[in-house]
Amino acid sequence: MPQDMPPTGGYAQVQYKRNIPARGFKPAYYMIGMHVIMAYGFYNELAREKMWSRLHLTPLLQAEEDRDQVRRHYADKAREKELLGTDAKVYNSDRFIRPTFAYTPANLTQ
Amino acid sequence: MAQRDARFNQTVLVDTTPMPDHIPKVEEVGATSAPLMSAAYFIGDRCKAFNDDFMKCKDEANGRGEIDCLKEGRKVTRCAASVIKDINTHCLDQFKAHWECLENNNHQLWECRRAEMQLNNCVFDKLGLKKTIPGTPEGQVPVHLRPKQKYAQYPGPQW
């Protein structure tokens, strides 16, 4: 029995690629467009108003907090002096360092 | 370093040792967030010099600002307290209306433009302090002067 052979001239091409025209723009343009729309949405003068209302208050709030920290700092130093008898410097630095451990009074306060 | 305050929620344990005597005393402002926000622009208007001075001092103090800038800090607090006091004496009703509105509206300034307008007018007449938002683009109506507010619950003109 003779073997089956391909037809003369070979088989026809198999259509495996999709042959659809690409619709719309390149994907990158959609990405850019999305960011433009987002940037427009984020732009808001109300945000400026809110930010400045806080900026005007920041020094006031910071000053109050600093005073409280300094008060606690001096209280801590006084306690250390009483317990240790000397002015022991814990850090080799002149900077103001917020304490890692908070002093808890023995009795209920406030 | 502890960047956060110690908060004790079981018992009230606060170090109540007073400030040592060699540091001058100053009364704290004692206002809560809504009145402060309501008065923020007036504080900014009157106290800008003190505020900038304090922040500059802190910036240049090389990490010792907490202790070295106490004097500037007291000035900041006294100035802000004077603004709150003046508003309280001259425009109490408008002030109260505005900050209570803020309190009820999640501190969103655009919900309270009517009260704000009345407060701004009163403060400008009595104290000469004006609300200006720095950095507003030229030729644009500042947001607080637009009667219609974009995100407000009430879409129409607020005054």
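No value in this document is a laboratory result; all are computed from the given coordinates. Every value quoted in this text rests on a predicted model; they were computed, and no experiment measured them. Ideal geometry is used to build each Cβ from the backbone, glycine not excepted, and the neighbour counts take in all protein chains shown.
So in the range A:69-110, with the set limited to residues that are more than 9 Å from every other protein chain (Cβ to nearest Cβ) and surrounded by 12 or more Cβ atoms within 10 Å (Cβ to Cβ), which one is nearest to B:Ala31 (Cα to Cα)? Among those that are more than 9 Å from every other protein chain (Cβ to nearest Cβ) and surrounded by 12 or more Cβ atoms within 10 Å (Cβ to Cβ), it is A:Lys77. No other residue among A:Gly41, A:Gly33 is closer than 30 Å to B:Ala39 by Cα, not in a loop (DSSP other than H, G, I, E, B) and not acidic (Asp, Glu) apart from A:Gly41.
Of A:Arg48, A:Arg98, A:Arg71, all but one fail to be assigned to a helix (DSSP H, G or I) and closer than 30 Å to B:Leu70 by Cβ; the exception is A:Arg71. For A:Ser53, are the conditions met, namely being under 38 Å from the mean Cα position of the chain (by Cα), in a loop (DSSP other than H, G, I, E, B) and either away from every other protein chain (no Cβ under 14 Å) or within 30 Å of B:Asp53 (Cβ to Cβ) (or both)? So A:Ser53 fails the test. Under the condition of being surrounded by 12 or more Cβ atoms within 10 Å (Cβ to Cβ), more than 13 Å from chain A (Cβ to nearest Cβ), closer than 16 Å to B:His90 by Cβ and under 18 Å from the mean Cα position of the chain (by Cα), the residues counted in the range B:116-159 number 7. Going by the structure shown, is A:Glu45 out of contact with any Phe, Trp or Tyr (no Cβ under 8 Å at 6 or more places or on another chain) and within 7 Å of chain B (Cβ to nearest Cβ)? Yes, satisfied. If you take the residues in the range B:10-60 that are more than 16 Å from the chain's Cα centre (by Cα) and in a helix (DSSP H, G or I), which one is nearest to B:Cys79 (Cα to Cα)? So the residue we want is B:Asp53. B:Lys130 meets all of the listed conditions (1) farther than 29 Å from A:Gln69 by Cα; (2) in a helix (DSSP H, G or I); (3) among the charged types (D, E, K, R) but one, namely (2).
Considering the range B:61-91, and only residues there that are aliphatic (A, V, I, L, M) and part of a helix (DSSP H, G or I), the residue that is surrounded by the fewest Cβ atoms within 10 Å (Cβ to Cβ) turns out to be B:Ile67.
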